[in-house]
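Colleague: Handing you this structure, nothing more for now.
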Amino acid sequence: MDIRLTNDLHGTDACVRVERGSLELSRRQVRRVKRKLCGSTRCACSGPLGLRGLQRYDAETVFEFVPRQDGSGYLQMVRRLSGWSD
Ligand SMILES: [Zn+2]
C-alpha cells in the first residue's frame, strides 16, 4: 500500500510503498523520502525520514517513523485518542 508522508515546514510530501503487515522502509526508501521532504543536510526541521507535523494514515490513525541504526526503519501506527483536536 502507498502511504503519504509530509513535512509541514517545507510543504513537501512523498509517497512510499510498504507491505501492509510490516510497514517496513528500506534504507534506500528512507534516503529517497528524506531527500524529497527536506533536501538540506543543514536543516534541523526533522528526523532521519524528514517528517514534520502530524502524519495521518486515516481519520483515526496517525503514524510515526521508528528509525533503525542501519538506516532503515518502520512506520508505527498510533490510534488517535478521542478528544484529540488539531
Ligand atoms: Zn528541513
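Colleague: Collect the residues in region 46-61 that are within 16 Å of the ligand (Cβ to nearest atom) and not in a strand (DSSP E or B), keeping them in residue-number order.
Modeller: The answer is SER46, GLY47, PRO48, LEU49, GLY50, LEU51, GLY53.
Colleague: Can you work out which of the residues in region 17-45 that are in a strand (DSSP E or B) and out of contact with any Asp or Glu (no Cβ under 7 Å at 6 or more places or on another chain) is nearest to the ligand (Cβ to nearest atom)?
Modeller: LEU25
Colleague: Among the residues in region 34-52, are any touching a residue at least 40 places away in the same chain (Cβ under 8 Å) and surrounded by fewer than 18 Cβ atoms within 10 Å (Cβ to Cβ)?
Modeller: Within region 34-52, not a single residue is touching a residue at least 40 places away in the same chain (Cβ under 8 Å) and surrounded by fewer than 18 Cβ atoms within 10 Å (Cβ to Cβ).
Colleague: Okay, next question. Here are some residues: VAL30, VAL16. Which one is out of contact with any helix residue (DSSP H, G or I) (no Cβ under 7 Å at 6 or more places or on another chain), of a type in the set (Val, Ile, Thr) and crowded, with 16+ Cβ neighbours inside 10 Å?
Modeller: Step by step, each of VAL30, VAL16 is checked, and only VAL30 is out of contact with any helix residue (DSSP H, G or I) (no Cβ under 7 Å at 6 or more places or on another chain), of a type in the set (Val, Ile, Thr) and crowded, with 16+ Cβ neighbours inside 10 Å.
Values in this text are rule-based calculations from the coordinates and carry no lab data. Nothing here was measured: the structure is a model prediction, and the numbers come from that model. Cβ: placed from backbone, ideal geometry, glycine included. Neighbour counts: every protein chain shown.
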